[in-house]
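Down below is the structure, laid out as structure tokens.
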Amino acid sequence: MASGTPTIEAMTNDWLARIGAAVDLAALDSERVAALGKQGAVTGLLKTLGGMTPEERQAQGPHIHGLREAVSEAIGARKAALEAEDLDRRLATETLDMTLPAAPAAEGSVHPVSQVMDELAEIFADLGFSVATGPEIEDDWRNFTALNIPESHPARAMHDTFYFDEVDAEGRKMLLRTHTSPVQIRTMMSQQPPIRIIAPGRTYRSDSDATHTPMFHQVEGLVIDRGIHMGHLKWTLETFLKAFFERDDIVLRLRPSYFPFTEPSAEVDVGFTMEKGRRVLGGSPNPDNGGWMELLGSGMVHPRVIAACGLDPDEWQGFAFGCGIDRLAMLKYGIDDLRAFFDGDLRWLKHYGFRSLDVPTLSGGVGA
Ligand code: 2U9
């Protein structure tokens, strides 16, 4: 090595001193770049090995590589020391207030239709009903024939029901269920009475305007037992509606009607009164300050429907009812546009939605 050129040992000492003197991580990184970077001094020295004779390389190589290793190790050790100092300093100076509330995390919200379905399940569970579900694609027999709906009934028409090209074993087109009634048919075919179920879910009809959407949500209820009569039907609906609308002064009116699957059949109206210019369910309706709102359809299950499911109608009777869930949600939560339910507008959900961890409002129960 030429005279005046520092020895490897002197260079090592010099670099170790510089590294030891680095006051923070940024200064240490500057030393790392100055020594080991692409243009660094130690890197430059390593490059000189390429121009040496084999003998020179054998003599100098271990020293130069030793320098590089010593510098690398010193940088690693200084880095760990500086990081530890930094942590000690932060632990000594920073405080953590464990009593502060956690920062709010972004969370989704429960759709009003889902909320109402939860409430329905809870109210009817208190009355001994369980929730039954079934497929949305159904066959003609379960959706129409078993329910005593005649071949000529307008509901079967192509323009009212969504049919598929696929056919069932009898060669009849499969369809999107037009009500949840096939779920009750399936239950009656597979379980022995007594039966107490509600069947909530999506239903489909070829209908679209301000008050109808092609997909809507329905809940139907079915009770099959011995000695069931209209009194059981009225008490059940009254108890349900009082719990759902959280008012004790709900008044019901049963109006004679006609459905193929029930006999006798009744529309169920609920009395409303005007409060601050709005219709509110509950209270004694009089023509000056309220009226009747049609809310449900109901009736005693037709003996032909009971027989179609393989039960003896002389032994088993039952009542059934049906209601639109979207409408229940609109009435309870003051929502006035049906179509907004299905727009998927997050701003709307933020306004009308429910906190995801909310339990249905009626967790106190209605049986007491
Ligand atoms: C079986 C036997 C009887 C279910 C019933 C209604 C009356 C009814 C409508 C209300 C508004 C449908 O959503 S809506 O358009 N439903 O009026 N539904 S009785 O009767 C059944 C169901 C299944 C085996």
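The values are calculated or read from the model by the stated rules, or taken from the named source; none is laboratory data. In this text the structure is predicted, and so the values were computed from the model without any measurement. Here Cβ is always computed from backbone atoms with ideal geometry, including for glycine, and neighbour counts include all displayed protein chains. Calculation scope for accessible area: heavy atoms of the full protein, side chains included, ligands and nucleic acids excluded. Shrake-Rupley method; radii C 1.70, N 1.55, O 1.52, S 1.80 Å.
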- Low-density loop positions, trypsin sites (Lys or Arg not before Pro), segment 28-97 - DSSP coil, at most 11 other Cβ in 10 Å: Lys38
- Message: With unit charges on the beta carbons (Lys and Arg positive, Asp and Glu negative) and the dipole taken about the Cα centre of segment 1-106, which residue among Ala84, Gly51, Gln39 sits farthest to the positive side?
- Response: Gly51
- Query: Using a Gaussian network for the chain with springs between C-alpha atoms less than 10 Å apart, which of these wobbles most: Thr236, Thr43, Thr99?
  - Reply: Thr43
- Query: Whole number please: convex hull volume per residue of the Cα set in segment 80-219, in Å³?
  - Reply: 294
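Which value, in debye to the nearest 20, gives the size of the charge dipole of segment 25-182 about its Cα centre, when Lys and Arg are +1 and Asp and Glu are -1 at the Cβ?
That gives a dipole near 1180 debye.
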- Item | Residue among Gly231, Gly283, Gly37 with the largest mean-square fluctuation in a Gaussian network model of the chain, springs linking Cα atoms under 10 Å | Gly37
- Taking R0 as 51 Å, what's the FRET efficiency between Met274 and Glu83 from their Cβ-Cβ distance, rounded to 0.05? 0.10
- Item | Electrostatic dipole magnitude of segment 153-266 [Cβ: Lys, Arg +1; Asp, Glu -1; Cα centre; debye, to 20] | 220
- Note on the structure: Taking every other residue with Cβ under 11 Å from the Cβ of Pro193 and scoring Lys and Arg +1, Asp and Glu -1, one gets -1
- Work out, step by step, the length gained on full extension between Leu96 and Glu294: first 0.36 nm times the residue separation, then minus their alpha carbon distance; give nm to one decimal. 65.4 nm
- Message: Treating only the Cβ of Lys, Arg, Asp and Glu as charged (+1, +1, -1, -1), what charge dipole size does the chain show about its Cα centre? Round to the nearest 20 debye.
- Response: 320
- Task: Only residues of segment 272-304 count here: report those whose backbone N is under 18 Å from the spot 7 Å along Cα→Cβ of Arg253, or say none.
- Result: 272-275, 279-298
- Query: Relative to the first principal axis of the alpha-carbon coordinates of the chain, what is the inclination of helix 54-93, with its axis defined by its Cα atoms, in degrees from 0 to 90 and to the nearest 10?
  - Reply: 50
- From the residues Leu127, Leu147, Phe164, which one has its Cα farthest along the dipole of segment 121-165 in the positive direction, the dipole being from +1 and -1 charges on Cβ of Lys/Arg and Asp/Glu about the Cα centre? Leu147
- Query: Relative contact order (percent) for segment 1-112, with alpha-carbon contacts under 8 angstrom and 6 or more residues of separation?
  - Reply: 30
- Message: Suppose we take every Cα in the chain and form the convex hull; what volume per residue is that in Å³?
- Response: 314
- Message: Considering only C-alpha atoms, what is the centroid distance from segment 170-187 to segment 8-50, in Å?
- Response: 81
- Query: Of Asp336, Asp269, Asp29, which has the largest mean-square fluctuation in a 10 Å C-alpha GNM of the chain?
  - Reply: Asp29
- Item | Rounded tilt (10° steps) of 25-36 against the dominant C-alpha axis of the chain | 60
- With the charge dipole of segment 217-319 built from beta-carbon charges (+1 for Lys and Arg, -1 for Asp and Glu) about the Cα centre, the Cα from Val251, Ser298, Ala308 projecting farthest to the positive end belongs to Val251
- What angle do you read, to the nearest 10 degrees and between 0 and 90, between the alpha-carbon axis of helix 112-126 and the longest principal axis of the chain? 60
- Item | For the chain, calculated [θ]222 nm from helices alone, where every DSSP H run of n ≥ 4 adds -39500 (n - 2.57) | -12000 deg cm²/dmol
- If you average the sequence gap of Cα pairs under 8 Å that are 6 or more apart and divide by the length of segment 202-353, what percent do you get for the contact order? 26
- Message: Using square roots of five times the C-alpha gyration tensor eigenvalues, list the equivalent-ellipsoid semi-axes of segment 153-256 in whole Å, biggest first.
- Response: 30, 21, 12
- Task: In nm, give the distance between the simple-model label positions of Lys47 and Arg304, each being 7 Å from the Cα along the Cα-to-Cβ direction.
- Result: 9.9
- Message: Out of the total accessible area of the chain (probe 1.4 Å, heavy atoms of protein only), what percent is carbon and sulfur?
- Response: 54
- Message: Per residue, how large is the accessible surface of the chain? Use a 1.4 angstrom probe and give square angstrom.
- Response: 56
